[in-house]
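Single-structure report; data block below.
The values are calculated or read from the model by the stated rules, or taken from the named source; none is laboratory data. Computed from a prediction, not measured in an experiment: that's the story for all the values here. Cβ placement follows ideal geometry from the backbone for every residue including glycine, while neighbour counts extend to all protein chains displayed. Ligands, DNA and RNA are stripped out before the accessible areas are found, and what is left, the full protein with its side chains, is counted by its heavy atoms. Shrake-Rupley method; radii C 1.70, N 1.55, O 1.52, S 1.80 Å.
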Amino acid sequence: MKNDFLPGRKPVYEFISASPEQVDLVLVKKPVSKEFNRILDKCRQHNIKYRLSSAQEMDRIFKGHNGILARLKTIKSADADMIRLKSSTSLFPVVLALDQVQDAGNLGALCRTMTAFGGMGIITPKDRSAHPGAGAMKASAGAMTRIDLAQVTNLARTLDDYRDNGLWIYGAVAREGTSCFEMEFNFPAVLVLGGEEKGIRPNVLKRCHEQIHIPMPGGFESLNVAQAGAVILGQMLRMTTVAGI
């Protein structure tokens, strides 16, 4: 994600607070609004360069900037093997696998949920997956720099490796398998969420030990992937807390 831009007052402030070393430059629309003073103070505190810019210049860079843009440095892909190794000692021993989730907002929201819960990392295929750029970064409110994100060539093969090393893999599906509220999860675990249109691909789903679903007593067809992930991850967190893992 080289020289990508993060827009918006709150996302920029939270990102600088969490990961100032990842910010290359901050652009602020002139004349400067008082609401940006806290951000400029943070820039001075961390020796981050900032520049006053015209609305026209900022519009050319990123539509919908809301008066402020942070230019981000490259965020490197983490190593999937390292995520697996760290998962066994994590307070929340869960890795999230996203099978061709293509909406950047969903990726960012799931990064934020995993970071809040203390998960060790997220793995995605390199192809047909959301780009971890400004849209995802904004949705994550800076959490993307606080969690390991690995982009792998072959997700099915990576899950095989995780299985061989003792991780239990759960695939979230629409109506099949066991209710996530009744499942006795084994840890460390991998939760696989499928893409927005087609769900988990068959070749990936067959790597899962168990299929789970979220009951929908209200009759609604489904939740979006970020909402579904938050529900299931919350249930997994509850079980780790009860078990004292």
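Observations
- Annotation for residue 184 and residue 30: the two label points, set 7 Å from Cα along the Cα-Cβ direction, are 6.7 nm apart.
- Restricting attention to the chain, close to 25% of DSSP beta bridges with both partner residues there are antiparallel.
- Computed from label points 7 Å out along Cα-Cβ, the spacing between residue 60 and residue 128 is 3.8 nm.
- Distances between placed amide hydrogens fall under 5 Å for residue 121 paired with 96, all partners being 5 or more residues away or on another chain.
- Net charge dipole size for the range 66-170 [Lys, Arg +1 and Asp, Glu -1 on Cβ; Debye, nearest 20]: 440 debye
- Across the range 70-198, counting alpha-carbon atoms alone, Rg and Dmax equal 14.1, 45 Å.
- Charge sum, other residues only, whose C-beta stays under 10 Å from residue 29's C-beta, Lys/Arg counted +1 and Asp/Glu -1: -1
- Rounded to whole numbers, the Karplus 3J(HN,Hα) couplings from phi for the range 185-200 are 5, 9, 10, x, 9, 10, 9, 9, 10, x, x, 4, 9, 10, x, 6 Hz, using 6.51 cos²θ - 1.76 cosθ + 1.60 with θ = phi - 60°, and x at Gly and Pro.
- Taking all protein chains as they are arranged and a probe of 1.4 Å, the heavy atoms of residue 124 leave approximately 10 Å² accessible to solvent.
- Angle of helix 9-18 to the longest C-alpha principal axis of the chain, folded into 0 to 90 degrees and rounded to 10: 70°.
- Residues 21, 196, sorted by accessible area with the largest first, give 21, 196 [1.4 Å probe; ligands and nucleic acids excluded].
- Placing +1 on the Cβ of every Lys and Arg and -1 on the Cβ of every Asp and Glu, with no other charges, gives the chain a dipole of roughly 1160 debye about its Cα centre.
- Between residue 231 and residue 9, residue separation times 0.36 nm minus the direct Cα-Cα distance comes to 77.1 nm.
- Correct option for log10 I(q)/I(0) by the Debye sum over Cα atoms at q = 0.08, 0.15, 0.17 Å⁻¹ [calculated from the coordinates] among (i) -0.33, -1.05, -1.31; (ii) -0.40, -1.10, -1.27; (iii) -0.34, -0.98, -1.15: (iii)
- Karplus-derived HN-Hα couplings along the range 161-170 (A = 6.51, B = -1.76, C = 1.60, θ = phi - 60°), whole Hz, x at Gly and Pro: 5, 5, 4, 4, 9, x, 7, 9, 10, 10
- Å² of accessible area per residue within the range 57-137, as computed with a 1.4 Å probe and no ligands counted: 43 Å²
- Value of [θ]222 nm, deg cm²/dmol, for the chain, DSSP H segments ≥ 4, -39500 (n - 2.57) each, nearest 500: -10500 deg cm²/dmol
- Rg ratio for the range 174-245: its Cα radius of gyration over 2.2 N^0.38 Å, N being its residue count, equals 1.11.
- Residue 102 versus residue 40: modelled label distance in nm, points set 7 Å from Cα along the beta carbon direction: 4.3 nm
- Accessible-area rank, largest first, for 82, 236: 82, 236, with all protein chains present and a 1.4 angstrom probe.
- For residue 178, the amide hydrogen comes within under 5 Å of the amide hydrogens of 211, 212, 213, counting only partners 5 or more places away or on other chains and with H modelled in the peptide plane.
- Shown is the FRET efficiency for residue 198 and residue 164, computed with R0 = 25 Å from the Cβ-Cβ distance and rounded to the nearest 0.05: 0.40.
- Accessible area of residue 25 in the full protein assembly, 1.4 Å probe (Å², nearest 10): 20 Å²
- Here the range 1-137 is treated with +1 on each Lys and Arg Cβ and -1 on each Asp and Glu Cβ, and its dipole about the Cα centre works out to around 520 debye.
- The slack in the chain from residue 223 to residue 17, taken as 0.36 nm per residue of separation less the alpha-carbon distance, amounts to 71.0 nm.
- Average accessible surface area per residue within the range 152-226, 1.4 Å rolling probe, Å²: 55 Å²
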